[in-house]
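Okay, so here's the structure we're looking at.
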Amino acid sequence: MKPRPYFPLLLLVFTVFLTYLNSFWGVFQFDDYNVIVDNIRVHSRSAWLKDLAYGIRPLLKFTYMLNWISGLGIFGFHLLNLLIHTVNSILIYFLSLRFIKHCSVLEAHSSNIALIAALLFALHPVQTEAVTYISGRSTSLMAMFYLGSIIAYIYGTETNRGAWLYLLSPALFMMAVLSKETGVTLPLALLLWTSIQNQKNWGVVLRMQIVYWAMFICILIVLIAHPNYGTLLEYSFDIRSLKDNLLSQINGVIYLISRLFMINRLNIDPDLPVQSTWTFLLAVKLAMLLALILTGMISLKRIPWLGFALLWFFLHLLPTNSVVPRLDVANERQLYLPVWGIFLGLSIGMVRFQTAFKGGKGFVQAVTLILLVILGYFTAARNYTYRSEIALWEDTVRKSPQKARVYNNLGYAYAIAGRNEEAKRAYLTALSLDPDYSLARNNLARISGLNP
């Protein structure tokens, strides 16, 4: 019997909610206090409106404000995060379907490929930082509008509907940027999408995309001119030099790629040192990254699905892991949108194997099922780590034992819980790792009854 067309969607919704059910146990963590709990700008409509002219990410703050005034407490925050991730998984399914059609590869198996890609996206534990960690919403919310804009663009071009192409899609593009400025890459993503269609008349393509490129230029101007964004950019470039940042990001991107496989080593605060000099190992890592990018560029015409998969991944790491320095070299939530390319390529590769070998279907189905169960298990396990601040930072200390900040955060979590002796030991460990760490010194003085 042929499966119902809505079966993949029901399966996606069911598996996402089942896997993330224990995320509702999670508490506010880390940056949640700065951007939500202690941020009065998201505590009322009037405060949010007052912040509109000066603040950044207004649409993201709007969702925080709605959650804050809803009366649902932290449950409401988790529920909206989970709904956003569910919608994104469904959008990934539909976008994967359209990709298979445009790429003309294994069209008879398009539903299976799209479902596998969407389930990998939905269940991989690396996504937990954008779903279970409440302030990770900036990434998933941006992705929802971003993916919606691409789908609206595709539908508009296929059906010649100007409202979808020139109104809805650009509006969703703007909403993505207003959620998180990394959404500015959308015009580049549209060009990448067009490249798999063997488009010969690029003049027509550019005319269709002129609105997006005009918006792209205007958004860049606004980001630079906006007082808060301008200040943020100045602060970013004071963190480390361009050279140091580019060298550090070689390690950062390799680290992020490794999280796709090392699913038991996820870490909210990874210890990635700033790199200021070349080493042989660093050169090897750079060669690996360049080889992957070059493979993507070469494959774009000969093996479009492989080229698209690799270039989509690296394109969507550009805003966070290239030129602009960030306080943290890399965070796992940066993988939220890029990983679709990898999962799409993996899904196509698995189905190609299935069709190439006798008996391959049963083997691929068994491997897929086992893989999804493993991913779901580790996602649920990672969600459980967010159940308390102490649990999260004890886990982080085990994975970043040489990083002073994680000990300071663990100490603060102990102090809030009234476990003062353990807090003191954590602060002292932080100071032994970084004697100039003033925050840990002040926290230690405060808990010891001294004036910091």
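Overview of results
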{"quantity": "Scope the range 278-293; condition in a loop (DSSP other than H, G, I, E, B) and either within 28 Å of Gly307 (Cα to Cα) or open to solvent by 80 Å² or more (accessible area, probe 1.4 Å) (or both); matching residues", "calculated": "Trp278"}
{"quantity": "Among the residues listed as Tyr427, Tyr384, the single one being at pLDDT 95 or above, open to solvent by 30 Å² or more (accessible area, probe 1.4 Å) and in a helix (DSSP H, G or I)", "calculated": "Tyr384"}
{"quantity": "Scope the range 58-93; condition among the aromatic types (Phe, Trp, Tyr), open to solvent by less than 40 Å² (accessible area, probe 1.4 Å) and within 29 Å of His226 (Cβ to Cβ); matching residues", "calculated": "Tyr64, Phe77"}
{"quantity": "The range 395-408: number of residues that are part of a helix (DSSP H, G or I) and either open to solvent by less than 60 Å² (accessible area, probe 1.4 Å) or of a type outside the set (D, E, K, R) (or both)", "calculated": "9"}
{"quantity": "Close pairs from the range 39-62: first free of Cβ contacts under 8 Å to residues at least 40 places away in the same chain, partner of a type in the set (Asp, Glu), Cβ under 6 Å, at least 6 apart", "calculated": "Arg41/Asp51"}
{"quantity": "Selection from the range 70-124 of residues that are of a type in the set (Gly, Ala, Ser) and within 17 Å of Pro304 (Cα to Cα)", "calculated": "Ser96, Ser104, Ser110, Ala114, Ala117"}
{"quantity": "Selection count, the range 325-345, where residues are aliphatic (A, V, I, L, M) and modelled with pLDDT of 95 or more", "calculated": "5"}
{"quantity": "Matching residues in the range 189-245 - criterion: being open to solvent by 80 Å² or more (accessible area, probe 1.4 Å), of a type in the set (Val, Ile, Thr) and closer than 25 Å to Asp328 by Cα", "calculated": "Val222, Ile224, Thr231"}
{"quantity": "Matching residues, the range 29-72, being part of a helix (DSSP H, G or I) and of a type in the set (Val, Ile, Thr)", "calculated": "Val35, Ile36, Val37, Ile40, Val42, Thr63, Ile69"}
{"quantity": "Test: residue in the range 409-416 that is part of a helix (DSSP H, G or I), under 29 Å from Phe121 (Cβ atoms) and open to solvent by 60 Å² or more (accessible area, probe 1.4 Å)", "calculated": "no"}
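The values are calculated or read from the model by the stated rules, or taken from the named source; none is laboratory data. From a predicted model like this one, the values you see are computed outputs, not experimental measurements. Cβ sites come from the backbone with ideal geometry, for glycine too, and all protein chains shown count toward neighbours. These accessible areas exclude ligands, DNA and RNA; they are computed on the full protein's heavy atoms, side chains included. Shrake-Rupley method; radii C 1.70, N 1.55, O 1.52, S 1.80 Å.
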